[in-house]
Amino acid sequence: MTGSRPPQKDQTGPQPSAAQRLRTALSASRLTRAMGAHSPLSARLAAEAGFDVVWSSGLEISAAAGVPDANILAMGECLDVAADLASAVGVPVLADCDSGFGNVNNVIHMVSSYEARGVAGVCIEDKQFPKLNSFVEGNQDLAPLDEFAGKIRAASETRTDMVVVARLEALISGQGMAEALRRADVYERAGADALLIHSKRKDPEEVFAFREAYRGDLPVIVVPTTYHQVTVEELEQRGFAMAIYANQALRSSIRAMRETLTRIMRDGTTVNVEPELAPLKEVFDLQRMPQMLEQQEHYESLGRALAETAQ
Ligand code: SPV
Ligand code: MG
């Protein structure tokens with residue numbers, strides 16, 4: 001038998017579940033940082049960069065599939081991606097579940113399906129089905145309050161452990177701060193574990209005002225896409241629990257790919273882009289190729305040792 005190590009199995013005893021770790025992160029005084037992803041590869045890049053949480057982004061998943069972020073993809077397609085992300089990384093995955101993929105029955109099915117596949121948390125927004133990405137001009141109407149409160153209660157009573165985030169779209173839909181606060185209170189009483197206040201303003205004043213005026217006990221999450229100048233320190237000082245950088249990795253990859261492809265076409269050679277490309281070793285590492293070869297060697301040598309003892 002050789003001295004090769006057995007393949008990666010955590011031997012340190014029972015660990016808190018991904019949902020418990022997400023819950024702990026949301027209650028910490030330090031700001032938790034989530035990065036959007038749409039593939040195990042992008043989720044691993046986020047985890048390796050040090051993000052605490054991976055956001056399974058509806059926008060990114062839709063964009064990667066080449067379709068609009070408007071509930072064109074079915075729940076099962078979004079679930080498959082979120083579950084793949086959860087399998088690929090150790091950090092918790094918070095899944096963007098749009099408005100719950102339908103009515104309260106869809107939410108119940110969704111919550112049990114996501115929980116069964118190892119997703120740490122689900123986020124549902126108080127818009128109608130089909131939803132439209134919050135930054136697109138078009139129907140951003142809110143779901144009736146009673147209907148969405150029922151969805152949050154159904155989600156919180158269906159899950160065992162998973163975190164349920166209620167996302168407020170009142171500011172996006174032009175309904176104003178009073179409506180956002182009114183709904184925040186109802187969603188808290190309905191059983192949400194956290195609130196996400198979304199804004200499309202170019203400055204963070206609106207989300208700051210919400211955080212200040214909200215008197216409840218739930219952690220508050222923000223998505224600083226349009227007010228991108230805001231810093232972690234500011235968000236932490238203002239008392240936010242988590243920032244979701246929802247799409248920056250996708251947008252940087254689109255820009256990088258487009259520039260590389262244009263240069264290859266223009267130059268008739270890849271010599272000029274080669275120094276800027278990730279070496280193949282980086283690709284192999286992200287695929288866990290070294291671990292695969294190690295486990296192959298381990299079991300092949302074990303097999304040889306067992307065969308030697310054959311009578
Ligand atoms: C997503 O990443 O899909 C989100 C965030 O829901 S946003 O696109 O900002 O609405
Ligand atoms: Mg989304």
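Taking the condition open to solvent by 10 Å² or more (accessible area, probe 1.4 Å), within 16 Å of ligand 1 (Cβ to nearest atom), closer than 16 Å to V220 by Cα and in contact (Cβ under 8 Å) with a residue 12 or more places away in the chain, does L196 pass? Here the answer is no, as L196 does not meet what is asked.
Listed conditions (1) without any contact (Cβ under 8 Å) to a residue 60 or more places away in the chain; (2) surrounded by fewer than 18 Cβ atoms within 10 Å (Cβ to Cβ); (3) acidic (D, E) are all met by D161, apart from (1). Here L196 passes the criteria (1) within 16 Å of ligand 2 (Cβ to nearest atom); (2) farther than 30 Å from E157 by Cβ except the one numbered (2). Of note, L235 does not satisfy the criterion of being in contact with a strand residue (DSSP E or B) (Cβ under 9 Å, 6 or more places away or on another chain), within 16 Å of ligand 2 (Cβ to nearest atom), open to solvent by less than 90 Å² (accessible area, probe 1.4 Å) and part of a helix (DSSP H, G or I). Does the stretch 173-181 contain at least one residue that is within 16 Å of ligand 1 (Cβ to nearest atom) and in a loop (DSSP other than H, G, I, E, B)? Scanning the stretch 173-181 turns up at least one residue that is within 16 Å of ligand 1 (Cβ to nearest atom) and in a loop (DSSP other than H, G, I, E, B). Does at least one position in the stretch 38-51 carry a residue that is within 14 Å of ligand 2 (Cβ to nearest atom) and either at pLDDT below 95 or under 16 Å from the mean Cα position of the chain (by Cα) (or both)? Checked against the condition, which is being within 14 Å of ligand 2 (Cβ to nearest atom) and either at pLDDT below 95 or under 16 Å from the mean Cα position of the chain (by Cα) (or both), the stretch 38-51 yields at least one hit. If only residues of the stretch 256-286 that are among the β-branched types (V, I, T) and outside any helix (DSSP H, G or I) are counted, the one that is nearest to A43 (Cα to Cα) is V273. For the stretch 49-65, name all the residues that are away from ligand 1 (no atom under 12 Å from the Cβ) and within 23 Å of L235 (Cβ to Cβ). Those that are away from ligand 1 (no atom under 12 Å from the Cβ) and within 23 Å of L235 (Cβ to Cβ): A49, G50, F51, D52, V53. Among the residues of the stretch 77-95, those that are in contact with a helix residue (DSSP H, G or I) (Cβ under 9 Å, 6 or more places away or on another chain) and free of Cβ contacts under 8 Å to residues at least 24 places away in the same chain comprise E77, C78. Filtered by the rule that a residue be touching a strand residue (DSSP E or B) at 6+ places or on another chain (Cβ under 9 Å) and not hydroxyl-bearing (S, T, Y), the stretch 239-258 gives G239, F240, A241, M242, A243, I244, A246, N247, Q248, A249, L250. If the condition is being in contact (Cβ under 8 Å) with a residue 60 or more places away in the chain and away from ligand 1 (no atom under 15 Å from the Cβ), then the stretch 217-246 contributes P219, V232, L235, E236, F240, A241.
Just for the stretch 243-253: of the residues that are assigned to a helix (DSSP H, G or I) and out of contact with any helix residue (DSSP H, G or I) (no Cβ under 8 Å at 6 or more places or on another chain), which one is most open to solvent (accessible area, probe 1.4 Å)? Step by step, filter the stretch 243-253, then rank; the result is R251.
Would you say A249 is within 16 Å of ligand 1 (Cβ to nearest atom) and among the small types (G, A, S)?
Yes; evaluated as a whole, the condition is true for this residue.
Among the residues here, L250 does not qualify as within 22 Å of the chain's Cα centre (by Cα), under 23 Å from Q175 (Cα atoms) and in contact (Cβ under 8 Å) with a residue 60 or more places away in the chain. Residue pairs, Cβ under 7 Å, 6 or more apart or interchain, first in the stretch 287-308 and farther than 23 Å from A43 by Cα, second among the hydroxyl-bearing types (S, T, Y) and surrounded by fewer than 14 Cβ atoms within 10 Å (Cβ to Cβ). List them. Correct list of pairs: S301/T2. Could you check, for the stretch 69-88, whether at least one of its residues is at negative phi, among the hydrophobic types (A, V, I, L, M, F, W, C), buried (at least 21 other Cβ atoms within 10 Å of the Cβ) and away from ligand 2 (no atom under 16 Å from the Cβ)? Checked the stretch 69-88: at least one residue is at negative phi, among the hydrophobic types (A, V, I, L, M, F, W, C), buried (at least 21 other Cβ atoms within 10 Å of the Cβ) and away from ligand 2 (no atom under 16 Å from the Cβ).
Quick check on my filter: what residues within the stretch 96-125 are away from ligand 2 (no atom under 14 Å from the Cβ), in contact (Cβ under 8 Å) with a residue 40 or more places away in the chain and charged (D, E, K, R)? If the condition is that a residue be away from ligand 2 (no atom under 14 Å from the Cβ), in contact (Cβ under 8 Å) with a residue 40 or more places away in the chain and charged (D, E, K, R), then E115 is the only one that fits. Which of the residues that make up the stretch 122-146 are within 23 Å of K200 (Cβ to Cβ) and more than 16 Å from ligand 1 (Cβ to nearest atom)? Matches in the stretch 122-146: P144, L145.
The values are calculated or read from the model by the stated rules, or taken from the named source; none is laboratory data. These figures come from a predicted structure and were not determined experimentally. Backbone-built Cβ (ideal geometry, glycine too); neighbour counts: all protein chains shown. With ligands, DNA and RNA removed, areas are computed over all heavy atoms of the protein, side chains included. Shrake-Rupley method; radii C 1.70, N 1.55, O 1.52, S 1.80 Å.
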